[in-house]
Amino acid sequence: MKQIKSMEMEKPPKEPTVFTIGHSNHELGKFTDLLKGHRIELVTDIRSIPFSRFARQFNKQEIERTIRANGIKYVFLGKELGGRPKATEFYDANGVVLYDRLGRSPLFLQGIESLLRGINMYNVALMCSEENPSKCHRHFLVARVLADQGINVLHIRGDGTIQTEEELAGKKSQNSKDHFQLSFFEFDGDVSGSLVSSRSNGPFEHSEKPVDKQVNFLII
C-alpha cells in the first residue's frame with residue numbers, strides 16, 4: 001500500500017494592497033488612531049504642497065514628527081506623485097491638470113516605482129488633504145495607475161470605514177459628473193483647502209507656502 005504524502009494546501013498569494021487617507025481637519029490623535037486602526041506602517045505624503053492654512057497640525061514638519069512619534073515611518077513623495085505639478089507642460093490653457101500626461105512623466109513613474117517597492121515591504125497609506133477620495137488626485141491619478149499595476153487600493157474614510165477603489169469607481173459612474181464640478185477658483189467647502197477643476201474633476205491643492213524643493217525617495 002502506497003504511503004500518501006500529506007501536503008499542506010498552499011494559500012493563494014496575498015494581493016498587494018495600499019491604503020489612502022485624507023487628513024482633512026482631524027485632530028492629530030484621531031488621525032493617528034485611524035492609521036493604527038488599519039495597522040499602517042508607512043505614511044507616504046503625496047501632497048504637492050505639504051502645508052495647510054486650515055489645519056496647521058498637518059504642516060509637513062509637525063505631521064512628520066507626530067507620525068514618527070507613533071512608531072510609523074514617513075516619506076514625502078509630493079514632488080513625484082503630487083496632483084499639482086510645478087511644470088506648466090502639465091496644464092492646459094485654462095489651468096487644468098492634464099493627468100494623462102502627468103501619469104506618463106518620468107518623475108511620476110519614478111515615484112510610482114519607489115512606492116511599489118515600499119508596498120512590497122510595508123503596510124502603506126498614501127496621504128493627501130481631502131477626506132473624500134472622489135475629490136482627490138489619489139483616486140483620479142495615483143490609484144488608477146496602481147490598479148493597472150495589480151495593486152488593491154483601499155480608501156480610509158474619516159469615520160474609519162474602508163471604501164474600495166472599485167466601489168468608488170462604480171459610484172462615480174452612476175452619479176452625474178456635475179456633482180463634483182467646481183470652478184477653478186471655488187473652494188469645495190472642505191477645510192483641507194483642496195480645489196476641484198471644472199474640466200478634469202481633479203484636485204488643486206492650495207497653500208500660501210512654497211513647495212519643499214527636497215526630493216525624497218523611499219530608501220529600500
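A few notes on this one:
- Hey, Gly37 small (Gly, Ala, Ser) and crowded, with 20+ Cβ neighbours inside 10 Å or not: no
- Only residues that are of a type in the set (Gly, Ala, Ser) and over 27 Å from Leu35 (Cβ atoms) were counted in segment 104-127, giving 1.
- Filtered residue count, segment 141-152, keeping only those that are surrounded by fewer than 23 Cβ atoms within 10 Å (Cβ to Cβ) and not acidic (Asp, Glu): 7
- Of the residues making up segment 31-90, those that are over 16 Å from Val142 (Cβ atoms), among the acidic types (Asp, Glu) and in contact with a helix residue (DSSP H, G or I) (Cβ under 8 Å, 6 or more places away or on another chain) are Glu62, Glu89.
- Of the helices (runs of 4 or more DSSP H) that lie entirely inside segment 49-134, those containing 2 or more residues that are surrounded by fewer than 22 Cβ atoms within 10 Å (Cβ to Cβ) span 60-69, 99-102, 106-119.
All of the numbers you see were taken from the coordinates with simple rules; none came from a lab. Bear in mind that the values here come from a model prediction, so they are computed numbers and not experimental data. FYI the Cβ positions are ideal-geometry reconstructions off the backbone, even for glycines, and counts take in every protein chain you see.
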